[in-house]
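These notes concern the structure reproduced below.
The values are calculated or read from the model by the stated rules, or taken from the named source; none is laboratory data. Remember, predicted model here, so these are calculated numbers, not experimental data. Cβ placement follows ideal geometry from the backbone for every residue including glycine, while neighbour counts extend to all protein chains displayed. What goes into the accessible areas is simple: the full protein's heavy atoms, side chains included, and nothing from ligands, DNA or RNA. Shrake-Rupley method; radii C 1.70, N 1.55, O 1.52, S 1.80 Å.
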Amino acid sequence: MMKGRTLIIVLLALGVASAARAQQPVALKFSRVVDLTLPIESNMPGIPGIKTYADNPSKVDVVTAITEAQKSQLQTEGLTLNSNVAVNGRAMISVLSILVHNGTHIDAPRHMMERGSPIDQMPLGQLVKEGVLINVPNKGPNSVVTVKDIEESGVELGPNRIPVIHTGFTEKTWGKPEFWTQMPYLEAGVGALLASKGVPAVAMDVFPEKPLWRGVKLDPGEVWVANHLALFEKGIPLIQFVTNLSQIGTNKFVLIALPLKIKGGDASPARVVALVE
C-alpha cells in the first residue's frame, strides 16, 4: 500500500513518430500497485503443437547455491537445479532461458515485419500511460472478442490511453490445461479498429489471433496474423497475457509495461503493473 503517495512520472516520447503521442510530465496519485505479470518459471506452457515452443522450453537453471540447506529449499520450491550445481558458501546464481513470446510479454513490430522496429527501440512513452479496461466478462471458453464488443464497450479510444482487453481468462486458467485449449481470442479486425484510433499500445488477457492449433479455421482470404500486422504497421506494440486485471477495479490507473532492452529483439518478457488511484 502506498496511500497518498504522489509519483511524478516524466514520460519522454523519444523517437515517437507521431506528434500525437508526445508526452508531458504527469503528476499521479496512486494508492496501490497491482502486479499484472505472470511468473516466469521452468517449463511454462507454450502454444501446444508449435515446434518452436516445444524445442525451447523456459528454464530457470540454478547453477550455484549458498548452502546445502538452500539447495534443498530451492528443490522444494520447484526450481530447476543444474546437474552440476555448486554449493559455494557465497551466493546463489541462476541462468534464465526463455522463448520471448511466452508468459507476459511485449511484441514489437519486428516480430512480424521485416523492417519493423525492434523491442529495444520501442518508445517507452507508448508503454507507460494511463490505461483503460475494456471489460468483456461474459466471454467464456473458446469465445471471440469482436469488433462489436470493442465498439459497444463505451471506452473512448485514442492516443492518450492504453486499452486493456479484460475477459478474466488468463487470471482464472493460467497453469491449467484449458489455458491453451479453451483460450478466447480476438476477431480479425480488432487490431485494425484499435490502430485506426491511434492507441499507443494494446494490452490483453486473450490470444490476439484465431487459435489454429486447436482447429479453429480461417475464413477464405483471411490472414492469420491480421491483428498483429494492423497494429505493427502503425508502430503499436502488443502487451500479451496480462493477469490480475480484476484487482484494478473502477479507479483510474497508469499502466507500466517495461520490456527488457534486448538489442534488435522481436519481443521481450515484461513486468507489467498498474498504479491505481
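Points to keep in mind about this one:
- One residue from ILE262, ILE256, ILE248 being within 20 Å of MET113 (Cα to Cα), in contact with a strand residue (DSSP E or B) (Cβ under 9 Å, 6 or more places away or on another chain) and either touching a residue at least 40 places away in the same chain (Cβ under 8 Å) or open to solvent by 20 Å² or more (accessible area, probe 1.4 Å) (or both): ILE262
- The residues listed here are PRO208, PRO159; of these, the one that is open to solvent by 20 Å² or more (accessible area, probe 1.4 Å), at pLDDT 95 or above and not charged (D, E, K, R) is PRO159.
- No other residue among LEU193, LEU231 is open to solvent by less than 10 Å² (accessible area, probe 1.4 Å) and either closer than 23 Å to VAL144 by Cα or assigned to a strand (DSSP E or B) (or both) apart from LEU231.
- Scan of the stretch 79-102 for residues that are open to solvent by less than 60 Å² (accessible area, probe 1.4 Å) and in a loop (DSSP other than H, G, I, E, B), ordered by number: LEU79, ASN88, GLY89, ALA91, ILE98, LEU99, VAL100, HIS101, ASN102
- Filter result (buried (at least 19 other Cβ atoms within 10 Å of the Cβ) and assigned to a loop (DSSP other than H, G, I, E, B)) within the stretch 131-156: VAL136, LYS139
- Residue in the stretch 27-39 that is among the small types (Gly, Ala, Ser), open to solvent by 40 Å² or more (accessible area, probe 1.4 Å) and modelled with pLDDT of 95 or more present: no
- Residues satisfying the stated conditions in the stretch 266-277, i.e. over 15 Å from the mean Cα position of the chain (by Cα) and either over 19 Å from GLY125 (Cβ atoms) or of a type in the set (Phe, Trp, Tyr) (or both): VAL276, GLU277
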